[in-house]
Amino acid sequence: MAANFGWNYPAGFTGRELAIAGPDWEGETKVSCTCGFSGEVEAWGYSNVLHWTCPECAEDRAEEPECDGPDDPDPSDYYHLEP
Ligand SMILES: [Zn+2]
């Protein structure tokens, strides 16, 4: 969570914008692509969407979190953030 050091952001900005605060999360995560690629890639998350580029077909992907069923009932776990 980015701290607000008393700055006033321009109208329409909250300080949580990607350009200001950066991604919510960055790191390696397991993904699978429509081209058949499956494995770990460098990825980043912002606004509950995971962004990554497939190393196999070079497609830029943006994915909503998925629920893996009863073992993963909370989609916010998708980024694997520490509590
Ligand atoms: Zn691919």
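Numerical summary
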{"item": "Count of the range 25-39 residues which are within 14 Å of the ligand (Cβ to nearest atom) and acidic (Asp, Glu)", "result": "0"}
{"item": "Residue list for the range 38-68, restricted to those being modelled with pLDDT under 90 and outside any loop (DSSP other than H, G, I, E, B)", "result": "GLY45, TYR46, VAL49, LEU50, GLU63"}
{"item": "Counted residues, the range 28-37 - those being touching a residue at least 24 places away in the same chain (Cβ under 8 Å) and either part of a helix (DSSP H, G or I) or surrounded by 13 or more Cβ atoms within 10 Å (Cβ to Cβ) (or both)", "result": "3"}
{"item": "Those residues of the range 38-52 which are surrounded by 15 or more Cβ atoms within 10 Å (Cβ to Cβ) and more than 12 Å from the chain's Cα centre (by Cα), in sequence order", "result": "VAL41"}
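The values are calculated or read from the model by the stated rules, or taken from the named source; none is laboratory data. Here the structure is a predicted model, which is why all the values come from computation and not from measurement. In this analysis, Cβ positions are derived from the backbone assuming ideal geometry, glycine residues included, and neighbour counts consider all displayed protein chains.
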